[in-house]
1. So Arg63 fits all but one of (1) in contact with a Leu (Cβ under 8 Å, 6 or more places away or on another chain); (2) more than 17 Å from Asp10 (Cα to Cα); (3) of a type outside the set (Gly, Ala, Ser); what number is the exception?
2. Residue by residue through region 93-102, note down the ones that are modelled with pLDDT of 85 or more, over 11 Å from Ala60 (Cβ atoms) and not hydrophobic (A, V, I, L, M, F, W, C).
3. Please find, among Thr72, Thr27, Thr5, Thr67, the residue that is farther than 25 Å from Met106 by Cα and either polar (S, T, N, Q) or surrounded by 13 or more Cβ atoms within 10 Å (Cβ to Cβ) (or both).
4. Considering (1) open to solvent by less than 60 Å² (accessible area, probe 1.4 Å); (2) closer than 26 Å to Ala2 by Cα, say which one Ser102 fails and leave the rest.
5. Tell me which of these Val90 doesn't satisfy, since it passes every other one: (1) among the β-branched types (Val, Ile, Thr); (2) part of a loop (DSSP other than H, G, I, E, B); (3) modelled with pLDDT under 90; (4) surrounded by 11 or more Cβ atoms within 10 Å (Cβ to Cβ).
Amino acid sequence: LASATYCSSDQHDRPVAGILSLCISDTYNFFYNPDQIKRNIVTIMHEMGHILGFNALSLANFRDPDTGKPLTPRNEHGDVADVDVECTGVSPRLKSEIPLPSKEIMKF
């Protein structure tokens, strides 16, 4: 259907550039079918959220709005450390390393 992400961020971890890909198999239906147009608008709004930084990996980069300091601790290179996690909802269960956000951002 679609995919999107940001591909560049500034010195404060804010997205400054992104890409959005739409999978269009029937261009007439995509642009002229009223029901499809409504679905496309919702899909594009959802994907724009990913470009703005709302995805599982970038939550760890959120900052305190008052101080500008990262809410998730960083390592000596300024990066959020990866954490081993178990992926649920897939069979067989898989493990992955991802930069988890702090409990200030998301409760687990």
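1. Arg63 satisfies every listed condition except (2).
2. Lys95, Ser96, Glu97
3. Thr27
4. All conditions are met except number (2).
5. The failed condition is (4).
The values are calculated or read from the model by the stated rules, or taken from the named source; none is laboratory data. Just so you know, these numbers come straight off a predicted model, no measurement behind them. When we count neighbours, we look across all protein chains shown, and the Cβ atoms used for this are built from the backbone with ideal geometry, even at glycine. Accessible surface areas use protein heavy atoms only, side chains included; no ligands, DNA or RNA. Shrake-Rupley method; radii C 1.70, N 1.55, O 1.52, S 1.80 Å.
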